[in-house]
Amino acid sequence: MAIPKLQVALDHSNTADAINAAVSVGNEVDVVEAGTVLMLEVGSSVVKILSTLFPDKTIVADTKCADAGGTVAKNCKNQGADTMTCICCAEVATMIAAKKEIDHIQVELYGDWTYEQAQSWLDAGIDQVVYHQSRDALLAGVTWGEKDLNKVKKLVEMGFKVSVTGGLTIDTIDLFKGVDVYTFIAGRAITEAENPAQAAHALKQKIVDFWSE
Ligand code: 5RP
Ligand code: MG
């Protein structure tokens, strides 16, 4: 089983803060994400800055795209993104159109979705999903638990590369020990830490330790 990657999600509301955070933690992570909050506020040009700063890292544009997949993907690719996200309720046609323009599409799993839909993504050649606990649901009191673990395991069994995100802390990693998670995506646990580089390093170290045992 491969060691899961660590992705930092930059969900700042301005470019300067996002780039400062990226520069301080970039060496500790495998993947850099232009977060949805950031892209909605400053646009896809921030992806170009990130891809220029980190030419050897995977750059994800977390667009949560619902329509016009081909155009959005082309724009993200032009700015240097390797990967773009589509929301799970998008038409498969949107995902397929996006996949033609960029290296990888990840389907963001929020709210209601079915394993039947998931199979249709696989059938369309889309094999990456992001299992996401909504920030707002977490704020309303939802927590990570067995129900999430079981869904992640089932998606892995189906053949997906499954990333996991949403309010992750270093303790959330424990729940997934031994599961073939593709990437752990952490935003605030890294960027809002007193020492973001140290927080990212500790997360990565825990992942490496757990998945090397
Ligand atoms: C929210 C997102 C965030 O990027 C993701 O949830 C990671 O951020 P955090 O760890 O702060 O929740 O896509 O929709
Ligand atoms: Mg995100």
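Observations on the structure shown:
- Contour minus Cα-Cα distance for K100 and D30 (0.36 nm per residue): 22.8 nm
- Our summary gives the chain a relative contact order of 22 percent, counting only alpha carbon pairs under 8 angstrom and 6 or more residues apart.
- Backbone N under 13 Å from the D171 label point (7 Å along Cα→Cβ), restricted to the stretch 126-158: 143-145
- Taking 0.36 nm per residue of separation and subtracting the current Cα-Cα distance, fully stretching the chain between A137 and A16 would add 40.7 nm.
- Divided by 2.2 N^0.38 Å, where N counts the residues, the Cα radius of gyration of the chain comes to 0.95.
- Gain upon complete extension [D209, M158; 0.36 nm per residue less C-alpha separation]: 15.7 nm
Values quoted throughout were computed directly from the atomic coordinates according to the rules given, and no laboratory measurement underlies them. Everything quoted here is computed from the prediction, not taken from an experiment. Neighbour counts run over all protein chains shown; Cβ positions are idealised from the backbone, glycine included.
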